[in-house]
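Take a look at the structure set out below.
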Amino acid sequence: MAFELIVFDWDGTLMDSEARIVACIQKAFSELDLSVPTRAAARDIIGLGLDEAMIRLHPGLSAELRAELVLHYRRHFLGGDPTPSVLFPGVRETLDWIVSAGYRLAVATGKSRAGLDRSIRETGLEGYFHATRCADETFSKPNPQMLFELMDELGASPRETLMIGDTEYDMQMAGNARVGALAVSYGVHARERLVAHAPLGCLDALTELRPWLERAGAHRSETVLRDTTAGGVIG
């Protein structure tokens, strides 16, 4: 529980972007005269890389058609779709505290690099994150490669790393990387799906993260004190 590196998912965890993502997916399919996914189907794949998402939404598509869908989606998402996307309540204040407490922060997301950079810039969160990884730079969730690369870049071990996300893909990625997982229930996937992967906890609001980490830190301090009293510190 002595975490040093906290890795956030973006969509559904820090940013309330579900409606915009769903709208852009549905527009992309419609423009190519393909069967338009339902809202439930479109929201279920949020968190995956775009290519992986298109495979799940329409398994029989050729690679060429999937690439066309991705281009249409990105055109809408990056080109000014009017559906609003905002940070969830308490995100900025929580990140301020995490930084002041000395944790290293990172992002592991299914977004593209262009999409993440734009979101960080538009929300004014430049400078908060020590490193970020996107699905168009490495493997999509639930492959653990994003976390492996972030831990390597920032010098953190799996036992020092906590992954926070709103989908089972985040929980699966954390499990595959053997890092701690903390779920949030206010995003895309239902609490029941998240807790099935046995995360360390499930928060109903990001503002609950500070007391959760403070309790984890207190638990660690008590453990070190007991070990020291017994004749040695166990790292």
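Think of a 1.4 Å ball rolled over the protein heavy atoms: the range 1-102 then has 44 Å² of accessible area per residue. Can you classify the range 175-221 as rounded, prolate or oblate using the Cα gyration tensor, where a ≥ b ≥ c are the square roots of its eigenvalues, rounded means a/c under 1.5, and otherwise it's prolate if a/b beats b/c and oblate if not? The shape class here is oblate. Full extension of the segment from residue 51 to residue 210, taken as 0.36 nm per residue of separation minus the current Cα-Cα distance, would add 53.8 nm.
Build a GNM of the chain with springs between Cα atoms under 10 Å apart, and of 149, 64, 214 the one that fluctuates most is 64. Taking packing as the residue-averaged number of other Cβ atoms within 10 angstrom, the listed peptides 161-171, 2-12 run from highest to lowest as 161-171, 2-12. Model label points for residue 200 and residue 4, set 7 angstrom from Cα along the Cα-to-Cβ axis, are 1.5 nm apart. Nonpolar atom fraction for the range 17-141, defined as the carbon and sulfur part of the 1.4 Å probe accessible area, stands at 54 percent. Near residue 101, once Lys and Arg are set to +1 and Asp and Glu to -1 for all other residues with Cβ below 12 Å from its Cβ, the sum equals -1.
3J(HN,Hα) along the range 188-195, derived from phi through the Karplus expression 6.51 cos²θ - 1.76 cosθ + 1.60 where θ = phi - 60°, amounts to 7, 8, 5, 3, 4, 5, 6, 5 Hz, with x in place of Gly and Pro.
Taking amide H as placed 1.01 Å from N in the peptide plane, residue 133 has its amide H under 5 Å from the amide H of 107, 108, 109, each at least 5 places away in sequence or on another chain.
Per-residue ellipticity at 222 nm computed for the chain from its helices equals -14500 deg cm²/dmol, with DSSP H segments shorter than 4 residues left out and the rest contributing -39,500 (n - 2.57).
With the simple model of a label 7 Å out from the Cα in the direction of the Cβ, residue 39 to residue 19 spans 1.0 nm. Would you mind classifying the range 106-193 by shape? Square roots of the alpha carbon gyration tensor eigenvalues, ordered a ≥ b ≥ c; an a/c under 1.5 is rounded, otherwise it is prolate if a/b is larger than b/c and oblate if not. Verdict is oblate for the range 106-193.
Once you divide the Cα radius of gyration of the range 87-146 by 2.2 N^0.38 Å, the number left is 1.18. The structure shown yields Cα extents along the principal axes in Å, and of the options [x] 70, 33, 32; [y] 64, 33, 29; [z] 54, 43, 33 that calculated value carries the label [x].
The values are calculated or read from the model by the stated rules, or taken from the named source; none is laboratory data. Note that this is a predicted model, so its numbers are computed, not measured. Note that each Cβ is placed from the backbone with ideal geometry, even for glycine, and that neighbours are counted across all protein chains shown. All accessible areas refer to the heavy atoms of the entire protein, side chains included, with ligands and DNA or RNA removed. Shrake-Rupley method; radii C 1.70, N 1.55, O 1.52, S 1.80 Å.
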